Amino acid sequence: MAAVALVVGHGIECPLLGVDLMPEVVTAIRDRVAAFWNKVETGDMPLDYDRDGGLIDRLHAIGDPGDEIDLSSDNRIPFLLSEVADSQAAMAASRRRRTQQRPR
C-alpha cells in the first residue's frame, strides 16, 4: 500500500510513501464505520450533549441551509487574487530579465 504526501514550499512535491497495512486494524476500522452508519440510519445514536453540545451549538449557529452570508465587508478573495497576479507578473518579469541577460 502507498500514500502520497502533498508538500508545498518553494514548489509542490508529492513523494510516494510506503505504508505497511495491518489487516486487523483495517478490519476493526471498517467494522466500527459500518456500526456507526448503521446507528445513523436506524436513529439509534443518542446525542451526548456533555461531550458534543458546544459543537452542536456552533453548527446550528451558522444558519439554516440556503441562508445567505454577506461577506462584502470580510471578503479576502480579491486581495488574495491580487497577490497571486502580482506574484505571477513579478515571476514573468524575472524570467524576461534572465533571458535578456544570457550571452548569445
Compute the relative contact order of the chain as a whole-number percentage, counting only Cα pairs closer than 8 Å that sit 6 or more residues apart in sequence.
-> 12 percent
Given [x] 239; [y] 84; [z] 203 as possible values of volume of the Cα convex hull per residue in Å³, the one from the coordinates is [x]
Convex hull volume per residue in cubic angstrom - Cα atoms of the range 19-61 | 120 Å³
Lys/Arg Cβ at +1, Asp/Glu Cβ at -1, dipole of the chain taken about the Cα centre: which of 5, 40, 29 is farthest positive-ward?
-> 5
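Bear in mind that the values in this text are calculations on the coordinates, not laboratory data. Just so it is clear, the model here is predicted, and its values are computed rather than measured. Because the Cβ atoms are built from the backbone with ideal geometry, glycine has one as well, and the counts that use them run over all protein chains shown.
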